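Colleague: What follows is a structure written as structure tokens; I'll ask about it next.
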Amino acid sequence: MGNAEQLNVSGTHLPLVTLGPGMRLGVWTQGCELACPGCMSRHTWDRAGGVRTPVVDLLARWQEALDRGASGLTVSGGEPCDQPAALGAFLRGADELRSATGVRAAPDGGAPDLLVYTGYEDDELTAEQRAALATADAVVTGRFKVAEPTDLVWRGSANQRLCPRTELGRLRYGPHLTRVRRPHDAGLQVVVDRRAEDGTWPMRWYGIPRRGDLTAWEREGARRGLSVSAPSWRA
Ligand code: SF4
């Protein structure tokens with residue numbers, strides 16, 4: 001589905017510190033039809049939105065991340081696996097670049113890893129989607145289920161599974177499969193963009209909030225005179 005040269009992207013961020021270990025490049029794809037109740041990223045659902053981004057441009061961003069010593073790449077969404085051709089091309093290119101720049105190892109001494117989030121269960125993935133994920137070191141699978149809160153690190157609900165798929169993935173993620181968040185784990189990264197023409201300040205939340213965190217954040221903002229308009233976690 002789709003072409004292999006362009007990935008429809010909702011956004012990118014470097015450095016990302018809340019979805020996977022260390023300092024990472026985050027890439028969020030645009031388009032998701034799974035419509036999990038309680039999804040905090042409803043702005044990524046509409047396939048017609050986003051920016052059709054050449055895979056070569058995303059690879060240039062990944063190269064920049066490698067040059068800055070990134071620990072890895074995290075691809076989330078939206079639903080990355082709904083664009084298997086471009087996702088596969090991006091992950092294969094990312095794998096080649098990290099191999100070519102292997103001497104620039106991440107600060108923990110390991111190679112930069114590739115982590116992908118998908119709302120699909122493993123047994124729902126098509127052959128094409130599996131092929132797209134062939135170079136991913138780890139995949140987090142499963143819908144977000146608001147009724148199943150969890151403290152498991154890097155997961156939004158208890159049903160979601162962190163699945164290492166390579167030797168690097170087992171090494172890097174194996175110790176975290178059942179690990180709960182520690183106080184020093186980064187939970188939610190808040191980034192304020194440049195002021196918009198209408199005077200508002202676009203803000204982005206990266207990571208996985210605990211239940212109630214976003215409401216508490218809004219309440220505290222309101223107490224300080226900061227109102228959040230059109231948050232992506234409400235319809
Ligand atoms: S949580 Fe993920 S899979 Fe579920 S609707 Fe939101 S973007 Fe889609």
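Any read-out appearing in this document is the output of simple, stated calculations on the displayed coordinates, not a laboratory observation. Quick caveat: nothing in here was measured; it's all calculated off a predicted structure. Counting neighbours? That spans all protein chains shown, and the Cβs are built from the backbone with ideal geometry, glycine included.
Colleague: Just want the ordering: 95, 46, from fewest to most Cβ atoms lying within 10 Å of their own Cβ.
Modeller: Exposure proxy ranking, most exposed first: 46, 95.
Colleague: For every other residue with a beta carbon closer than 13 angstrom to the beta carbon of residue 130, add +1 if it is Lys or Arg and -1 if Asp or Glu, then tell me the sum.
Modeller: Once positives and negatives cancel, what remains is -4.
Colleague: Still on this structure, please answer the following. Arrange 162, 125 by Cβ neighbour counts within 10 Å, fewest through most, would you?
Modeller: Going from least to most buried by this count: 125, 162.
Colleague: Give, as a single signed number, the net charge of other residues whose beta carbon lies under 10 Å from the beta carbon of residue 188, with Lys and Arg counted +1 and Asp and Glu -1.
Modeller: Summing Lys and Arg as +1 and Asp and Glu as -1 gives 0.
Colleague: Also: Counting other beta carbons within 10 Å of each Cβ, put 81, 32, 163 in order, fewest first.
Modeller: So the ranking, lowest neighbour count to highest, is 163, 32, 81.
Colleague: Something else: Please state the charge dipole magnitude for the chain, taken about the Cα centre, from unit charges on C-beta atoms (+1 on K and R, -1 on D and E), reported in debye and rounded to the nearest 20.
Modeller: Magnitude of the dipole: close to 760 debye.
Colleague: Nearest 0.05, what FRET efficiency do residue 67 and residue 171 give at R0 = 22 Å with Cβ-Cβ as r?
Modeller: The calculated FRET efficiency here is 0.40.
Colleague: What is segment 6-176's relative contact order, in percent, from Cα pairs under 8 angstrom and six or more apart in sequence?
Modeller: Computed over segment 6-176, the figure is 20 percent.
Colleague: So what J values fall out for segment 25-34 if you push phi through Karplus, 6.51 cos²θ - 1.76 cosθ + 1.60 with θ = phi - 60°, rounded to Hz, Gly and Pro as x?
Modeller: Using θ = phi - 60°, the values come out as 8, x, 10, 10, 7, 10, x, 7, 9, 6 Hz.
Colleague: What list of ³J(HN,Hα) values in whole Hz, one per residue of segment 130-144 in order, does the Karplus curve 6.51 cos²θ - 1.76 cosθ + 1.60 (θ = phi - 60°) give from phi, with Gly and Pro shown as x?
Modeller: 4, 5, 4, 8, 4, 9, 6, 7, 7, 9, 9, 10, x, 4, 7
Colleague: Given R₀ = 45 Å, FRET efficiency for residue 134-residue 223 by Cβ-Cβ distance, to 0.05?
Modeller: Efficiency, rounded to the nearest 0.05: 0.40.
Colleague: According to a simple spin-label model (label point 7 Å from Cα along Cα-to-Cβ), what is the distance in nm between residue 211 and residue 48?
Modeller: Rounded to a tenth, the inter-label distance reads 3.6 nm.
Colleague: Quote the charge dipole size of segment 126-235 about the Cα centre in Debye, to the nearest 20; the model charges only the Cβ of Lys and Arg (+1) and of Asp and Glu (-1).
Modeller: That gives a dipole near 320 debye.
Colleague: Here is a follow-up. Expressed as a whole number of Å, what is the distance separating the alpha-carbon centroids of segment 182-221 and segment 1-68?
Modeller: 18 Å
Colleague: Do the sum for the chain: with -39,500 (n - 2.57) for every DSSP H run of n ≥ 4, divided by all residues, what is the mean residue ellipticity at 222 nm, to the nearest 500 deg cm²/dmol?
Modeller: Value at 222 nm, helices only: -7000 deg cm²/dmol.
Colleague: What is the spin-label model distance, in nm, from residue 201 to residue 34 if the labels are put 7 Å beyond Cα along the C-beta direction?
Modeller: 3.3 nm
Colleague: What share of all Cα pairs of the chain, in percent, falls into each consecutive 10 Å distance bin?
Modeller: With 10 Å bins starting at 0, P(r) equals 8, 33, 38, 18, 3, 0.
Colleague: Next question. Can you tell me the FRET efficiency between residue 188 and residue 127 if r is taken as the Cβ-Cβ distance and R0 is 45 Å, rounded to the nearest 0.05?
Modeller: That gives a FRET efficiency of 0.80.
Colleague: Of 171, 202, 12, which is farthest on the positive side of the dipole of the chain, counting Cα position, with +1 on Lys and Arg Cβ, -1 on Asp and Glu Cβ, and the Cα centre as origin?
Modeller: 202
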